[in-house]
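Okay, structure first, notes after.
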Amino acid sequence: MHEFSICQSVLEQVEQITRRHHARRVTRIVLSVGPLSGVVDVLLQRAFDALRLGSVAETAVLDIHTPAVIVACPSCKKESRVPTNRLLCPHCQQWQTTLVSGDELVLLRIEFAPNTLSDNGHSVENEHV
Ligand SMILES: [Zn+2]
């Protein structure tokens, strides 16, 4: 189950970022998991539930976003949103398209709990895993 090792590296990155921002606790992690990334979000959620214990994200919520699959066409130069199982250009039926988005795994956002009462907490965005 490779979701476990992926989740492990996500959490390591979250720990590092948390330290860098002098925060102690994470309240929310937002991940963008492309439909073509090969990661099953249910399994990732299950791995997170097991691995977060004892980490800075122990009480954090994991939000998984699914981005659209987008291909670029070398013939008509258009970028189109396509179904996961059909990566053809919908304009000219060219099949040699390039994937623009859909296989990525991105840490979209991490939200930290405030360290003190005067601190409102903060967040960081867009870190590639
Ligand atoms: Zn085309």
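I'd like the full set of residues that are exposed (fewer than 14 other Cβ atoms within 10 Å of the Cβ) and of a type outside the set (S, T, Y), limited to region 80-91.
So in region 80-91, the residues exposed (fewer than 14 other Cβ atoms within 10 Å of the Cβ) come out as 81, 83-86, 91.
R81, P83, N85, R86, H91, listed by residue number.
Quick check: is even one residue across region 49-70 surrounded by 15 or more Cβ atoms within 10 Å (Cβ to Cβ) and within 16 Å of the ligand (Cβ to nearest atom)? Walk me through it before giving the result.
Keep residues of region 49-70 that are surrounded by 15 or more Cβ atoms within 10 Å (Cβ to Cβ), which gives 51-52, 55-57, 60, 62, 64, 67, 69-70.
With the extra rule that they be within 16 Å of the ligand (Cβ to nearest atom), the set shrinks to 69-70.
For region 49-70, residues surrounded by 15 or more Cβ atoms within 10 Å (Cβ to Cβ) and within 16 Å of the ligand (Cβ to nearest atom): present.
Condition test on Q94, is it more than 16 Å from the ligand (Cβ to nearest atom), modelled with pLDDT of 95 or more and not charged (D, E, K, R)?
Details: more than 16 Å from the ligand (Cβ to nearest atom): no; modelled with pLDDT of 95 or more: yes; not charged (D, E, K, R): yes.
No, not satisfied.
Consider L31 carefully, then state whether it is assigned to a helix (DSSP H, G or I) and either assigned by TED's automatic domain parsing to the domain that holds I110 or open to solvent by 50 Å² or more (accessible area, probe 1.4 Å) (or both). Outline the logic, then answer.
Values: assigned to a helix (DSSP H, G or I): no; either assigned by TED's automatic domain parsing to the domain that holds I110 or open to solvent by 50 Å² or more (accessible area, probe 1.4 Å) (or both): yes.
Considered against the rule, which asks whether it is assigned to a helix (DSSP H, G or I) and either assigned by TED's automatic domain parsing to the domain that holds I110 or open to solvent by 50 Å² or more (accessible area, probe 1.4 Å) (or both), L31 comes out as no.
Can you spot a residue in region 13-28 that is closer than 30 Å to S80 by Cα and open to solvent by less than 70 Å² (accessible area, probe 1.4 Å)? Lay out the reasoning, then the answer.
Keep residues of region 13-28 that are closer than 30 Å to S80 by Cα, which gives none.
Within region 13-28, none of the residues are closer than 30 Å to S80 by Cα and open to solvent by less than 70 Å² (accessible area, probe 1.4 Å).
The values are calculated or read from the model by the stated rules, or taken from the named source; none is laboratory data. As the structure is a prediction and not an experimental result, all values here were calculated from the model. Cβ coordinates were reconstructed from backbone atoms using ideal geometry, including for glycine residues, and neighbour counts include every protein chain displayed. Protein only, heavy atoms only, side chains kept; ligands, DNA and RNA dropped before computing areas. Shrake-Rupley method; radii C 1.70, N 1.55, O 1.52, S 1.80 Å.
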